[in-house]
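S.K.: Dropping a structure here in structure tokens format, bear with me for questions.
The values are calculated or read from the model by the stated rules, or taken from the named source; none is laboratory data. It should be emphasised that the depicted structure is a prediction, and the values quoted were computed from it without experimental measurement. Cβ: placed from backbone, ideal geometry, glycine included. Neighbour counts: every protein chain shown.
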Amino acid sequence: MNFSSGETHERETAVEVRNLSVRFGDFYAVNRVSFTVRRGETFGFLGANGAGKTTTIRVLCGLLRPTEGNVRVAGVSFDHGEQAVKSKVGYMSQKFTLYDDLTVEENLSFTASLRKLDTATYVRRRQELFDFIAFDRPLNTIVRDLSGGTKQQVSLAAALLHDPEIVFLDEPTAGVTPASRSRFWSLIRKLAENDKTVFVTTHYMDEAEQCDRIALMREGKILALDTPEGLKRSIFPMPMLEFDPKKPLSYAEISELAAHEVFMFFEPYGLRFHASFRSEDGWERVRPFFEEKFTIRQIKPSLEDVFIQTVESKVE
């Protein structure tokens, strides 16, 4: 099923952000951020709460004017007016956006009226989207009677109702079951296959792995931007090791080991530890000491390692 509007797109850039800043009083929620997103790309936007992700998305959806800088979304900017920007995007917030006490039909009909869709277009799009999410419940089903995963899928359908070029998903799978998360991401992949650009925030690293590229944000700034594998290579140029303690360690022992100058990274990972050293020569000098306390094997760094090192590390 093709969900594109049928236009011939000459622009390969779906989102362009140049020196974007958003200030509230003296506080910069977003501070001179620049990046681009390609058409048809699934773009991950990661960071801790308060990093500036949602503020950036609000600007890109035409809901908030930037303090400084320029943005273009599907070829339009704020110079064309907020409504021009809004017409190009669909937005699904991290909080459930449908009305629990209304039916599925009432929710979608209300959304269609806000988007000024005529009846024939609305009915056609509704059926296309129901086929897309495999929704087979009666239209008069009250939303509160749906499972969490199904609610999220109907919410996605509402965000896609006006056939936007770009879809912004702000933590779309928060609070749903793993099976529902998997189902939702299969829908995201289908959107990308149909040339939709998907801009998604998530705290689940297994979801982030499925993005084409990822931006890591902290305190209003983008710290790194690359493919998942590219981030792992650039953040951890030295091998990643897994340390499995041969006997239980005290908190003081763990703290002392983590602070050892040979490591650039030493973090708990379940009952084990992930570590990366600063130089191979330095590691080889102390390796016998650590092998007395740990079983050590080389592993590949995970996106969780990247997130901890980049976003959650102490600010120098």
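S.K.: Of these, G230, G282, which one is more than 30 Å from the chain's Cα centre (by Cα) and either within 30 Å of A29 (Cα to Cα) or at pLDDT below 95 (or both)?
M.R.: G282
S.K.: Can you run down the residue pairs with Cβ atoms below 6 Å, 6 or more apart or on separate chains, where the first is in segment 129-151 and over 20 Å from K190 (Cβ atoms) and the partner is charged (D, E, K, R) and part of a loop (DSSP other than H, G, I, E, B)?
M.R.: Going by the 6 Å Cβ cut-off, the qualifying pairs are V143/D100; R144/D100.
S.K.: Hey, among the residues in segment 232-280 that are small (G, A, S) and surrounded by 12 or more Cβ atoms within 10 Å (Cβ to Cβ), which one's farthest from F294 (Cα to Cα)?
M.R.: S234
S.K.: In addition: Given the criteria without any contact (Cβ under 8 Å) to a residue 40 or more places away in the chain, in contact with a Pro (Cβ under 9 Å, 6 or more places away or on another chain), farther than 26 Å from G40 by Cα and part of a strand (DSSP E or B), does F266 qualify?
M.R.: Taking the combined requirement at face value, the residue does not satisfy it.
S.K.: Does E106 fit the bill of being assigned by TED's automatic domain parsing to the domain that holds C61, of a type in the set (D, E) and in contact (Cβ under 8 Å) with a residue 24 or more places away in the chain?
M.R.: In short, no.
S.K.: From the list G50, G81, G62, which one is on the phi > 0 side of the Ramachandran plot and over 21 Å from the mean Cα position of the chain (by Cα)?
M.R.: G81
S.K.: So, in segment 128-164, of the ones that are touching a strand residue (DSSP E or B) at 6+ places or on another chain (Cβ under 9 Å) and of a type in the set (A, V, I, L, M, F, W, C), which residue ends up farthest from S93 (Cα to Cα)?
M.R.: Here the answer is L139.
S.K.: With (1) closer than 17 Å to A259 by Cα; (2) assigned to a helix (DSSP H, G or I) as the list, and D281 as the residue in question, which single condition is left unmet?
M.R.: Among (1) closer than 17 Å to A259 by Cα; (2) assigned to a helix (DSSP H, G or I), the lone unmet condition for D281 is (1).
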